[in-house]
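Contents: one structure, followed by commentary.
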Amino acid sequence: MVHRVELLRHAKSSWDDPDLPDRDRPLAPRGIKAGARLRDHLRRVGCAPELVLCSSAARAVQTWNGIRDGLAADPAVEIEDEVYGASADELLRRLNVVPDSIGWAMVIGHNPGIEQLALRLVGDGEADALRRMRSKYPTGGLASLAFDGVWRRLEWGGARLEAFTVPRALK
């Protein structure tokens, strides 16, 4: 069975209030616009995750709220403190316990964890998308991966990169 996972780095956050704790930083106006572009893109491509694992940081939750209406499904959503600041290894361990009844998941997280997860999971894929993802994984970057098998067996190099989307390239 083919499973899919979308790895979304939260959209651009605001640094307007330097006294605000990192976890509480909201999206910047640019991040809100990026979320709208991503929402429209997800609608066009028919993205339909059944499960969303989202960091509890304000900017990640706001990113989720900005894209949710673009999904072709009404997924279960889990806002998790553990996704905030998680390493690639921790994110992989979280994905490894996704129930096998879930065919499509999305993770909304942070760098460096989300970028390293994508880079380490991908064994091969669409050449241009791989080059762009390896070059830079900006805020709002979305890696769309597929793999054969079950979640508990997902491992480094075990997925294919099907697309890498960045908000600035969307209309």
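Read the figures in this text as sums done on the coordinates, not as results from a lab. Only a predicted model underlies this, so the values are computations on that prediction, with no experimental measurement involved. A quick note on method: Cβ atoms are made from the backbone with ideal geometry, for glycine too, and the neighbour counts reach across all protein chains shown.
Listing for the model above:
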item	result
Relative contact order %, the chain, counting alpha carbon pairs below 8 Å whose residues are six or more apart	31
Percent of C-alpha pairs per 5 Å bin, region 37-114, short to long	3, 16, 26, 24, 20, 10, 1
Whole-Hz couplings from phi, Karplus 6.51/-1.76/1.60, listed for region 60-74; x for Gly and Pro	6, 5, 5, 4, 4, 4, x, 9, 3, 6, x, 7, 7, 9, 10
Length gained when the stretch Asp24-Ala76 is fully extended (0.36 nm per residue, less Cα-Cα span)	16.4 nm
Local electrostatic count, Glu82, Cβ distance below 14 Å [Lys/Arg +1, Asp/Glu -1]	-2
Which of Tyr84, Tyr137 has the fewest Cβ neighbours within 10 Å, and the rest in rising order	Tyr84, Tyr137
Part-to-part distance (alpha-carbon centres) for region 88-110 and region 1-36, which is given in Å	19
Stretch gain in nm, segment Ala169-Ala146, where the contour uses 0.36 nm per residue and the Cα spacing is subtracted	6.1 nm
Calculated P(r) of the chain - Cα pairs past 25 Å, %	24
Full-stretch length increase - Arg43, Lys136 - with 0.36 nm per residue and alpha-carbon distance subtracted	31.1 nm
Residue exposure sequence - Leu71, Leu27 - by fewest surrounding Cβ within 10 Å	Leu71, Leu27
